[in-house]
Amino acid sequence: MDTDLEKQEGLHEQQHRLEEAESPHFSKESFEQDIESSGSDDNGITLKRTTSRKPPHPACPRCKQGLTDEEGEPCHDHDGFETDPNIVLWDSDDDPARPMNWPMWRKVCFSITASCFVIATSMSASIFGPATRITAQQYGVSHEVMNLGITLHILGFAAGPLIFGPMSEVWGRTIPLWTGLFGLGLWQIPEAVASNVQTILVCRFLQGLFGSAIFAVVSGMFVDIWPPITRGVGLGLSSTCINLGSTFAPIIGAYATNHLNWRWTAWLTLIFVGLVGFFGLLIIRETFEPVLLKRKAKRLRRQTGNSDLHAKFEETPIDIKILVQKYATKPVRMFVQEPILIFCTIYLTIVYGTLFLSYQAIPFSFRNRGWSPSVSYLPFAAVTLGIITAGILFSIFTLTWYKKRWLANQGAEPEDRLPPMILGAIILPPSLFWLGWSQDTHWASQVIAAFFVGLGLLLIFIAGIVYIVDTYLIHSNSAMSIHIVSGTTKSSSIGSAQDSETVYLAL
């Protein structure tokens with residue numbers, strides 16, 4: 001039953017990709033331009049179709065072996081596709097080499113590992129927060145100057161996606177993913193041994209720059225391996241991990257700073273990056289189908305001696321001009337032309353900025369109650385619990401209401417992902433009011449409010465991310481790139497560490 005459902009989802013997904021050219025979500029001209037260069041949708045299926053029967057395909061193992069279908073007819077897996085017999089395609093829709101056809105256990109392991117990559121990035125962003133006071137005293141600078149370590153890290157997030165997002169649509173997902181993880185870990189070392197403020201601030205920026213590569217490509221990897229229904233669960237997991245790392249890292253940073261040394265905030269991040277990288281080497285594989293077909297064509301040319309065999313993706317050579325005109329500027333063009341992307345980014349920016357604002361405001365509030373510096377970060381555990389709860393609720397929503405709607409209508413609109421966002425938008429404002437109002441009441445009331453803040457924040461965040469991905473599909477990495485660039489830039493203004501305590505004291 002589950003296998004039949006996945007096949008049904010896959011067929012609907014192919015049809016949806018074909019209909020994207022007529023969709024108001026993305027311009028037909030842009031879609032056709034992208035398809036002309038890649039020659040296939042993100043399922044690796046060539047989009048030029050005819051109704052006539054095509055000859056056996058020399059790159060198809062079934063054709064070469066003379067295998068027939070159940071009716072005794074020659075292999076027709078390539079019927080209706082590109083007439084050029086030298087175009088390398090998948091052996092069939094069920095080809096196990098296609099990431100969409102991976103076994104469930106492999107998809108689950110892949111998704112968990114990719115989400116750990118995300119945790120490493122978000123952990124690096126906020127673990128330094130508790131160390132800003134001590135480092136400011138050590139190097140003789142103001143607290144505001146030292147808080148630049150957080151703000152510059154966020155600005156690094158904004159600089160990287162315009163490079164790494166389009167890169168993933170040319171060279172595949174794994175190159176920017178591993179580049180990002182390696183750079184994130186590498187720049188922890190000079191921060192940990194830094195002897196001046198300048199070194200710390202530069203390293204924090206570069207950590208954000210490389211870490212943004214992970215944020216920029218993970219959503220596309222989930223599109224590559226999951227059909228529509230279960231994709232929501234996978235993206236929900238990664239979105240939960242983005243915020244999970246941001247909320248539990250300050251707790252770790254506070255205890256490391258007060259009981260070890262502030263430099264351990266960098267060493268602990270490096271250790272976690274190393275562990276994630278180790279498991280990633282065992283589990284993470286390329287998922288971008290045009291690149292996989294290109295590799296398959298290269299292998300078949302070597303095995304058969306037929307130099308004419310090629311993937312459609314190889315027909316358009318990649319040079320600097322194409323990289324700049326087509327790929328590097330694509331996220332910016334999408335942001336200018338797509339109202340959906342603009343308004344989603346503005347809303348999610350406000351939400352994410354609220355989370356960054358809480359990094360300093362929540363512990364500052366509890367220090368005013370007389371709590372020690374390390375203990376004052378423990379209320380983030382309530383925010384973390386709210387985030388985990390939101391991730392579970394979104395998964396339940398996806399596997400019940402959304403699945404039922406998808407099956408009833410033989411598909412679903414991207415807007416069908418948004419009910420959790422509506423719920424989160426109802427929960428968040430009164431929760432923020434409760435969090436601020438309960439300053440003079442028992443501490444438990446404020447901790448409970450923090451739970452609902454985390455719950456509301458993530459319901460909005462997950463639904464928004466999944467909505468963007470479902471809307472743009474094959475263009476999702478570029479859409480997410482410009483979303484991250486614009487969102488993190490504005491979030492650093494809304495929720496910068498320099499301003500949070502000032503606002504708190506003023507109110």
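The values are calculated or read from the model by the stated rules, or taken from the named source; none is laboratory data. Small disclaimer: the values here were computed from a predicted structure and weren't measured. All Cβ positions, even for glycine, are placed from backbone atoms using ideal geometry, and neighbour counts span all protein chains on display.
Key figures
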| read-out | value |
| --- | --- |
| Single condition GLY386 does not satisfy, out of (1) of a type outside the set (A, V, I, L, M, F, W, C); (2) surrounded by fewer than 21 Cβ atoms within 10 Å (Cβ to Cβ); (3) part of a helix (DSSP H, G or I) | (2) |
| Answer residue from segment 183-193, given it is out of contact with any Lys or Arg (no Cβ under 6 Å at 6 or more places or on another chain) and in contact (Cβ under 8 Å) with a residue 40 or more places away in the chain and is farthest from LEU270 (Cα to Cα) among those | VAL193 |
| Residues of segment 438-460 classified as outside any helix (DSSP H, G or I) and at pLDDT 85 or above, total | 0 |
| Which listed residue is crowded, with 16+ Cβ neighbours inside 10 Å and modelled with pLDDT under 85, from PHE288, PHE335, PHE343 | PHE335 |
| Top-ranked residue in segment 263-279 [being more than 22 Å from the chain's Cα centre (by Cα) and not aliphatic (A, V, I, L, M); ranked as nearest to ALA125 (Cα to Cα)] | THR265 |
| In segment 262-316, the residues that are under 24 Å from GLY129 (Cα atoms), part of a helix (DSSP H, G or I) and not aromatic (Phe, Trp, Tyr) | THR265, ALA266, LEU268, THR269, LEU270, ILE271, VAL273, GLY274, LEU275, VAL276 |
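Each row is one residue, and each column tells you yes or no for (1) part of a helix (DSSP H, G or I); (2) on the phi > 0 side of the Ramachandran plot; (3) under 18 Å from the mean Cα position of the chain (by Cα); (4) surrounded by 18 or more Cβ atoms within 10 Å (Cβ to Cβ).
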{"site": "THR349", "(1), (2), (3), (4)": "yes, no, yes, yes"}
{"site": "SER358", "(1), (2), (3), (4)": "yes, no, no, yes"}
{"site": "ILE362", "(1), (2), (3), (4)": "yes, no, no, yes"}
{"site": "SER372", "(1), (2), (3), (4)": "no, no, no, no"}
{"site": "ALA381", "(1), (2), (3), (4)": "yes, no, no, no"}
{"site": "PHE394", "(1), (2), (3), (4)": "yes, no, yes, yes"}
{"site": "TRP401", "(1), (2), (3), (4)": "yes, no, no, no"}
{"site": "ARG405", "(1), (2), (3), (4)": "yes, no, no, no"}
{"site": "PRO420", "(1), (2), (3), (4)": "yes, no, no, yes"}
